[in-house]
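The values are calculated or read from the model by the stated rules, or taken from the named source; none is laboratory data. What you see is a predicted model; the values in this text were computed from it and never measured. Methodologically, a virtual Cβ is constructed for each residue, glycine included, from the backbone with ideal geometry; neighbour enumeration extends over all protein chains shown. In case anyone asks, the SASA skips ligands and DNA or RNA and just uses the protein heavy atoms, side chains included. Shrake-Rupley method; radii C 1.70, N 1.55, O 1.52, S 1.80 Å.
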Amino acid sequence: MKSLVRRLLAVLLLALPLSCLSQVRIYLGAPPPKPMTLVPGLYANAGQGAMAGGQEPRAFAVRITRVDGDQFSGTLEVVRLDENGALVRLSSKLTGTMGNAGIAATPGKIVINSTAPLTVQLQDEPLRSSMTEMTGNMRADGFRLSWKTPDRQMGADKLGTFAALVTASEDEYGQVIDRYREMAADKAQLMAFQASSADLVERELKAYMQETDQLLEAPPVAGSQDDVVAKAAALYKKERALLEGHPPSDEEAAPKGARLMAMQIDAYWSQVAYINARQREVSRYWLGRGASISQLIWYSPCVSGTLPTSLEYAASPACGGLATAYDTVQRRMREVSSALGNATAAETSMECLWHAAHQALRPAVLAIPDYCKRSLATL
C-alpha cells in the first residue's frame, strides 16, 4: 500500500508545472491501525438513536456471506420495537461494491483517501423502499453505512440515516437481541398502561359530552329567576298603587291586601333563593365533572407533564384522542357556565323588591338601599 501511494504521488507531482509545486498542499488521511478488508462475517450496531432525537431504539446487523474481489453480498437486518412494544425484525438481501483507497486531485490540492468506499444496494423488501442510496466506507473495526429515507420524520417506525457497524460474533449479537426482547416487554407494559388511561379518559369524556349536550339543549333553570322576579315586580306595582294616597303610619293601618302582597314578595324572594341554590349546585357539579376529567388528562401517562395538549414521547397509538381532549373539556365547561347563567343579578333584583315592598308599608322605619334605587326606578 505504501509503495503504491509513493508511486501515485510521484506521478502527480511530475505532472504539475514547476510554478505550482510551491502551492501544492498534500493532505494525508490518518493511516488505519490495520488493513481494512471486507471479509465474510457478522457486523452489528447495537443501539442507534436509543431514546434520542424523537427516534425509537433500533439495532442493525449485516451478514456478509460472499466476497469476490470488490463485489460482496449478504443480508441487512434491522431490529426495532413497534408502536405497541412488539419486537420487529426486518431483513433484506444486499449486494455491494468496495472501491479502492487512493488519491484524489483537485486544483491546488491532493487528498489521499486511506479508506475504501462502499456502495450497497438492497435487493428486496421490506427494507429496500425505506433505505435508498446506501453508501459507506471501511473502518478499522468494520464499516459505516449511510442512506436516504423517503420520510425524514422521526418516530417508532423510522430507521434513521446511518449506522456504524463493527465486527461481532453470533453470541454477541444474540445478547443484543435479548436486550431488545426485554426492552420490548418493558415498552409493552408502558403502552398497555397508557392505553388503559386513554380508555378511561375517553369513556369519561364521552359521558360528560353526552350529558352536557342534554343540559345545553334545555338548561334546567334557564329564565326561571327572571320569571319570578317579573311576577314579584308586578305584585309590587299593585302594592304601590294600592298604597298611593294612603300613606300609613304603620303596617296595621295599611290598606287591606298590601301586607299580604309584601308577604308574597317575601315568598318570591325565597323561591329565587332556592332556584339560585340549585343553579349554583348544578353549575358546580358540571364544572367539577369537567375539572376532574381535565385532571385525568393532565396526569395521564399519555400526556406530557408540561402541556396537557402534547402527547408524551412515543405514546401508545391509543393515546391519539387525548391530544385534543383537554381543549374539548375546557370549551364545554365554558359553554355550560354560560348556559346556566349568573344568579347574582336576579337575587339582587329580588332583594331590592323586598326592600321596596316593606319600605312602602313602613317608610319611617325602612330605607331603600342606594344600590336598589336605579333598578327600582325602572319599574
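See the values below:
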{"quantity": "Members of segment 55-90 that are open to solvent by 10 Å² or more (accessible area, probe 1.4 Å), of a type in the set (A, V, I, L, M, F, W, C) and closer than 25 Å to Ala185 by Cα", "calculated": "Ala86, Leu87, Val88, Leu90"}
{"quantity": "Selection count, segment 185-222, where residues are open to solvent by 40 Å² or more (accessible area, probe 1.4 Å) and either among the aromatic types (Phe, Trp, Tyr) or at positive phi (or both)", "calculated": "1"}
{"quantity": "Selected residue [within 22 Å of the chain's Cα centre (by Cα) and not hydroxyl-bearing (Ser, Thr, Tyr)] from Leu145, Leu205, Leu165", "calculated": "Leu205"}
{"quantity": "Test for Thr324: is it open to solvent by 50 Å² or more (accessible area, probe 1.4 Å), closer than 30 Å to Trp298 by Cα, out of contact with any helix residue (DSSP H, G or I) (no Cβ under 8 Å at 6 or more places or on another chain) and of a type outside the set (A, V, I, L, M)", "calculated": "yes"}
{"quantity": "Matching option when the condition is in contact with a helix residue (DSSP H, G or I) (Cβ under 9 Å, 6 or more places away or on another chain) and either open to solvent by less than 50 Å² (accessible area, probe 1.4 Å) or in a helix (DSSP H, G or I) (or both), among Ser338, Ser375", "calculated": "Ser375"}
{"quantity": "Residue check for Arg331: assigned to a helix (DSSP H, G or I), open to solvent by 80 Å² or more (accessible area, probe 1.4 Å) and either at pLDDT 95 or above or among the polar types (S, T, N, Q) (or both)", "calculated": "yes"}
{"quantity": "Any chance Thr212 is β-branched (Val, Ile, Thr), at pLDDT 90 or above and closer than 30 Å to Ser337 by Cα", "calculated": "yes"}
{"quantity": "The lone exception for Ala140 - which of (1) open to solvent by 50 Å² or more (accessible area, probe 1.4 Å); (2) more than 30 Å from Ser294 (Cβ to Cβ); (3) in contact with a Pro (Cβ under 7 Å, 6 or more places away or on another chain) it fails", "calculated": "(1)"}
{"quantity": "Residues that are of a type in the set (Phe, Trp, Tyr) and at pLDDT 90 or above, drawn from segment 122-179", "calculated": "Phe143, Trp147, Tyr173"}
{"quantity": "One residue from Glu351, Glu281 being modelled with pLDDT of 85 or more, surrounded by 15 or more Cβ atoms within 10 Å (Cβ to Cβ) and charged (D, E, K, R)", "calculated": "Glu351"}
{"quantity": "Any strands (runs of 3 or more DSSP E) falling wholly within segment 31-96 and containing at least 3 residues that are over 21 Å from Thr135 (Cβ atoms) and either touching a Leu at 6+ places or on another chain (Cβ under 8 Å) or modelled with pLDDT of 95 or more (or both)", "calculated": "71-81"}
{"quantity": "Breaking point among (1) among the hydrophobic types (A, V, I, L, M, F, W, C); (2) assigned to a loop (DSSP other than H, G, I, E, B); (3) surrounded by 21 or more Cβ atoms within 10 Å (Cβ to Cβ), for Leu307", "calculated": "(3)"}
{"quantity": "In segment 97-121, residue modelled with the highest pLDDT [restricted to those that are within 43 Å of the chain's Cα centre (by Cα) and of a type in the set (A, V, I, L, M, F, W, C)]", "calculated": "Val120"}
